[in-house]
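Student: I'd like to ask you about the structure that follows.
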Amino acid sequence: MFVFAAMLLLGILLGFVGAGGAGVMITMLSVGFDIPMQVALGTSLAAMAFTSLSGSVSHFREGNVNRRLGLLLGAFGAAGAFCGAHISSGLASATLKPLTGVVLMFSAFLIYLRVFHPANPLFSFRFTSTRGVKFWLLTGMVGVFNGLVSGACGVGATPFIQMTLLIIFNVPLYQTVGTTMLVILPIAAFGSLGFLAAGHLDLVLFLQVLVGQVIGAYVGAKFTRMAPQLLLKSCMVALPGLGGLILLLAR
């Protein structure tokens with residue numbers, strides 16, 4: 001019941017921000033509930049697939065989703081995630097925990113720069129075309145990269161996906177939130193299949209996490225458009241940053 005209650009509250013927060021939340025979920029399971037790191041990775045990605053489905057439906061109804069871009073990035077990301085999961089399965093737990101923490105901290109820093117310092121030269125690049133060879137190549141490269149990060153580190157790569165949508169494709173903030181969940185869906189599904197094949201999936205824990213997250217994410221998505229932009233931006237930065245810091249400090 002403690003796991004379920006924690007996942008319910010976390011799901012509401014993640015649905016509100018538009019995050020699949022595997023990084024934060026892994027931190028809570030491995031540090032808060034002492035779940036082995038490999039099991040936490042596989043269980044989190046599997047639950048996140050269903051959480052993202054629930055959140056995507058809600059965001060779609062609210063008009064927060066760029067369907068074409070989200071489906072393309074998700075399809076390329078799924079291939080990368082399946083390969084990344086096999087890489088992660090071969091790493092020791094002592095390596096995975098700080099690696100995941102570093103990825104989360106770095107992604108939080110990039111999101112911080114983008115949402116609070118948009119004039120930074122790093123973000124001067126814009127690609128607004130939705131057709132042609134360049135669009136397909138760019139979509140394929142960033143999609144596979146996001147998938148590899150997700151599978152290898154056991155996270156949903158939410159900040160990287162949000163950064164991709166905000167910086168490269170110039171998607172509005174509210175659409176970024178909803179489209180991110182759509183991208184995460186196939187990434188999490190194929191990444192979890194990779195962990196399942198390696199035996200890193202606890203079905204009982206998965207069900208506890210799943211029920212809490214699905215309910216919470218659906219409810220949380222209802223409040224995205226109601227929130228002040230400052231609050232939304234702050235949460236986008238704080239969630240991966242806090243999760244990464246805890247993983248780095250945990251023994």
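The values are calculated or read from the model by the stated rules, or taken from the named source; none is laboratory data. What you see is a predicted model, and the numbers here were worked out from it, not measured in a lab. Note that each Cβ is placed from the backbone with ideal geometry, even for glycine, and that neighbours are counted across all protein chains shown. Note: areas computed on protein heavy atoms with side chains; ligands, DNA, RNA excluded. Shrake-Rupley method; radii C 1.70, N 1.55, O 1.52, S 1.80 Å.
Student: Out of (1) at pLDDT 80 or above; (2) open to solvent by 50 Å² or more (accessible area, probe 1.4 Å), what's the single condition that is false for V103?
Tutor: (2)
Student: For region 106-160, enumerate the residues that are at pLDDT below 80, surrounded by fewer than 17 Cβ atoms within 10 Å (Cβ to Cβ) and of a type in the set (D, E, K, R).
Tutor: Across region 106-160, the qualifying residues are R126, R131.
Student: Looking at (1) assigned to a loop (DSSP other than H, G, I, E, B); (2) surrounded by 15 or more Cβ atoms within 10 Å (Cβ to Cβ); (3) of a type in the set (D, E, K, R), which is the only condition K233 fails?
Tutor: (1)
Student: Something else: Check off (1) open to solvent by 30 Å² or more (accessible area, probe 1.4 Å); (2) in contact (Cβ under 8 Å) with a residue 24 or more places away in the chain; (3) not in a helix (DSSP H, G or I) for M226 and give me the number that stays unchecked.
Tutor: Of everything listed in (1) open to solvent by 30 Å² or more (accessible area, probe 1.4 Å); (2) in contact (Cβ under 8 Å) with a residue 24 or more places away in the chain; (3) not in a helix (DSSP H, G or I), M226 misses just condition (2).
Student: If I ask for residues that are in contact with a His (Cβ under 9 Å, 6 or more places away or on another chain) and either buried (at least 22 other Cβ atoms within 10 Å of the Cβ) or over 19 Å from A157 (Cβ atoms) (or both), which ones from region 66-99 would you list?
Tutor: Step one: of region 66-99, the residues in contact with a His (Cβ under 9 Å, 6 or more places away or on another chain) are 85, 88-89.
Correct list: A85, S88.
Student: Return the residues of region 165-184 that are aliphatic (A, V, I, L, M) and either under 14 Å from N64 (Cβ atoms) or open to solvent by less than 20 Å² (accessible area, probe 1.4 Å) (or both); say none if nothing qualifies.
Tutor: So in region 165-184, the residues aliphatic (A, V, I, L, M) come out as 165-168, 171, 173, 177, 181-184.
Matches in region 165-184: L165, L166, I167, V171, L173, V177, M181, L182, V183, I184.
Student: Next question, about the same structure. Enumerate the helices (runs of 4 or more DSSP H) found wholly within region 1-87, keeping only those where 1 or more residues are of a type outside the set (A, V, I, L, M, F, W, C), farther than 17 Å from I215 by Cα and over 15 Å from the mean Cα position of the chain (by Cα). Steps first, answer last, please.
Tutor: Values: elements: 2-17, 22-27, 37-61.
Once the helices (runs of 4 or more DSSP H) in region 1-87 are filtered for at least 1 residues that are of a type outside the set (A, V, I, L, M, F, W, C), farther than 17 Å from I215 by Cα and over 15 Å from the mean Cα position of the chain (by Cα), what remains is 37-61.
Student: Please work out which residue is farthest from G84 (Cα to Cα), limiting yourself to region 37-59 and to residues that are modelled with pLDDT of 80 or more and open to solvent by 20 Å² or more (accessible area, probe 1.4 Å).
Tutor: V57
Student: Can you say whether L193 is assigned to a helix (DSSP H, G or I), out of contact with any Pro (no Cβ under 9 Å at 6 or more places or on another chain) and of a type outside the set (V, I, T), as far as the supplied structure shows?
Tutor: Details: assigned to a helix (DSSP H, G or I): yes; out of contact with any Pro (no Cβ under 9 Å at 6 or more places or on another chain): yes; of a type outside the set (V, I, T): yes.
In short, yes.
Student: Another one. Which of the residues spanning region 185-205 are on the phi < 0 side of the Ramachandran plot, out of contact with any Phe, Trp or Tyr (no Cβ under 7 Å at 6 or more places or on another chain) and either open to solvent by 30 Å² or more (accessible area, probe 1.4 Å) or among the small types (G, A, S) (or both)? Walk me through it before giving the result.
Tutor: Step one: filter region 185-205 for residues on the phi < 0 side of the Ramachandran plot, giving 185-198, 200-205.
Right, trim to out of contact with any Phe, Trp or Tyr (no Cβ under 7 Å at 6 or more places or on another chain) and you get 185-189, 192, 195-198, 200, 202-205.
Residues satisfying the conditions are L185, P186, A188, A189, S192, L196, A197, A198, H200, D202, L203, V204.
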